[in-house]
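Report on one structure; see the data block that follows.
Every read-out reported here was derived from the displayed coordinates using simple, explicitly stated rules and does not represent laboratory data. Note that the structure is predicted; figures quoted are calculated from it, not measured. Reconstructed Cβ throughout: ideal geometry from the backbone, glycine too, with neighbour counts over all protein chains shown.
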Amino acid sequence: MASKKLSIIIPCYNEQSSINKLIDNCIETINEEVEILLVDNGSSDNTYKTLLNLNLPKNIVIYRIEKNIGYGNGILFGLKKAKGEILSWTHADLQTDISDVIRGFNIYEKELNKKTCIVKGERKNRNIIDSFFTFSMGVYSSVLLGKWLYDINAQPKIFHKSFLKKFKNPPLDFSLDLYILYFFISKQIEIKTFPVFFKKRLFGKAKGGGTFKGKLRLIKRTLHYIHFLKKTL
């Protein structure tokens, strides 16, 4: 495959019910100049088999990680395989739209110096509880790290490939989003946000903080990682 301008990594974990619609959205939205890497992140259902049975265009490639060791690991695997000059990632669960990546990429191309920024989504139309958790975690993270962070886990995230080799021991779990934002802020690199509309999950279960208990587990992991991050970056 020839080198692409933009690569989009989509980690997939037990998303067999979402895959066909996800692929349809990709094909309808993305032209052949954009590379899409679908990383089956150690799924225990038929996600990988479903992907293999699809007739995909050449710019959509499939990878398989045999054992799931974390959300971040799936993304990092895809980032290292990507051929694009600009790297990005988003979710496979259809709560985020693939067209958001293209909107973010257009902002990246037109408004900012490509090698001195990161572009990320900022979720809108969320319920009060989710918004409260997001705001609270943003404030807490910002106070402890001394850098303003908000909607840490919002997608997509878009940045130049040259930064990839500068990441030092990035986490392999859901803390990757926090690591990435803190990395850019600590280097005094601008973060440009744009609104994205978060949809309800149509199939399956949320892998991160979808339920109340899931949110509490995510908060606990995030708080632990914040204290670790302060000592390492």
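Tally the DSSP beta bridges in the range 6-232 and give the antiparallel ones as a percent, rounded to 5. Walk me through the intermediate numbers first.
Working: 7 of 32 bridges.
Rounded to the nearest five, the antiparallel share is 20 percent.
Net charge near Cys26: determine it from the other residues with C-beta under 12 Å of the C-beta of Cys26, scoring Lys and Arg +1 and Asp and Glu -1. Before the final figure, lay out the partial values.
Values: positive: Lys21; negative: Asp24, Glu28, Glu32, Glu35, Asp97.
Overall, the nearby charge balance is -4.
Given a cut-off of 32 Å, name the pairs among Lys124/Lys161; Lys21/Lys83; Lys115/Lys200; Lys5/Lys230; Lys49/Lys192; Lys120/Lys213 whose C-alpha atoms lie farther apart than that in the structure shown. Spell out each step's value before the answer.
Numbers: Lys124/Lys161 28 Å; Lys21/Lys83 25 Å; Lys115/Lys200 34 Å; Lys5/Lys230 34 Å; Lys49/Lys192 37 Å; Lys120/Lys213 26 Å.
With Cα atoms farther than 32 Å apart: Lys115/Lys200; Lys5/Lys230; Lys49/Lys192.
Considering only Asp100, Asp40, Asp24, give the residue with the highest GNM mean-square fluctuation for the chain, with springs between Cα atoms whenever their separation is below 10 Å.
Asp24
What spacing in nm lies between the two simple spin-label points modelled at Lys161 and Lys220, each 7 Å away from Cα in the Cβ direction?
4.0
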